[in-house]
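Here's the structure, in structure tokens; my notes come after.
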Amino acid sequence: MALCSSSMSDMLRRVALMMQKSVVVTYATWDSGYKDSNITLSSGNLTASASTAVGNKMVRSTISKSSGKWYWEITCTTVNTMSLGLVTSSAATNSTIGGTTEGIAYRSTGDIIYNGGVVSAVPATYFNGDVIGFAYDATGGTFEVFKNNVSQGSYTASPTAPLYAGFSSATSVSGVITANFGASAFVYSPPSGYNAGLYT
């Protein structure tokens, strides 16, 4: 009987391993089909570079979420007047995140804006080399932002889910950022209970 139980346990372990290997995870990138023409993508569509062209410019991620808890990081290479945040499926690519009712943003100038430019908080400014972490609770309708692993507060994710990750740059201003949606190791550990990445 002991031998049978042991053999059954080994078989179940092998089946579990086979099932794990068969699961294909697709991580988000920046969406080449949903971006302003003055944003170029590189490095597997993870690096977004905004030109100094006149007009606002925005790009969103390929994946949105309406439930669950998700964490990703954005490393800032060239910071001018830019916004990182969450956007709806109908956010215009020639807009700034938070400047309309279609998103909420953590701006480099040090504020949280939404609903057409309403400032709801004033966290720290961020600069070249900073790593901005996003912990998005799509089920609870909140998100927390981190600057170099230091929390900048938790906020209501207005508008409501489903929301995409987003990056925007102001008119006549350049900017370069690189997202890590979980396909490689994070600089900092995700908060407890959050999925390590933005993926399906």
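So the values come out like this:
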item	result
Residues (of a type in the set (A, V, I, L, M, F, W, C) and surrounded by 15 or more Cβ atoms within 10 Å (Cβ to Cβ)) located in region 93-123	Ile97, Ile104, Ala105, Ile112, Ile113
First in region 129-154 and touching a residue at least 60 places away in the same chain (Cβ under 8 Å), second anywhere and of a type in the set (A, V, I, L, M) and open to solvent by 50 Å² or more (accessible area, probe 1.4 Å), Cβ under 9 Å, 6 or more apart	Gly133/Val187
Qualifying residue in region 146-154 (condition: more than 23 Å from Ser192 (Cβ to Cβ) and in a loop (DSSP other than H, G, I, E, B))	no
Strands (runs of 3 or more DSSP E) lying entirely in region 47-139 (those with 2 or more residues that are aromatic (Phe, Trp, Tyr))	69-78, 131-137
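Here is a yes/no grid of residues against (1) under 16 Å from Gly129 (Cα atoms); (2) open to solvent by less than 50 Å² (accessible area, probe 1.4 Å); (3) in contact with a Gly (Cβ under 9 Å, 6 or more places away or on another chain):
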{"site": "Phe143", "(1), (2), (3)": "no, yes, yes"}
{"site": "Lys147", "(1), (2), (3)": "yes, yes, yes"}
{"site": "Tyr155", "(1), (2), (3)": "no, yes, no"}
{"site": "Leu163", "(1), (2), (3)": "no, yes, yes"}
{"site": "Thr171", "(1), (2), (3)": "no, no, yes"}
{"site": "Ser174", "(1), (2), (3)": "yes, yes, no"}
{"site": "Asn180", "(1), (2), (3)": "yes, yes, yes"}
{"site": "Ser192", "(1), (2), (3)": "no, no, no"}
{"site": "Gly197", "(1), (2), (3)": "no, yes, yes"}
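Here is a yes/no grid of residues against (1) touching a residue at least 24 places away in the same chain (Cβ under 8 Å); (2) farther than 16 Å from Gly117 by Cβ; (3) buried (at least 21 other Cβ atoms within 10 Å of the Cβ):
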position: Ala50; (1), (2), (3): yes, yes, yes
position: Thr62; (1), (2), (3): yes, yes, no
position: Tyr71; (1), (2), (3): yes, yes, yes
position: Met82; (1), (2), (3): yes, no, yes
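The values are calculated or read from the model by the stated rules, or taken from the named source; none is laboratory data. As the structure is a computational prediction, the values presented were derived from the model and not from experiment. Using ideal geometry, Cβ is built from the backbone for each residue, glycine included, and neighbour counts are taken over all protein chains shown. Just the protein is used for accessible areas: all its heavy atoms, side chains included, with ligands, DNA and RNA removed. Shrake-Rupley method; radii C 1.70, N 1.55, O 1.52, S 1.80 Å.
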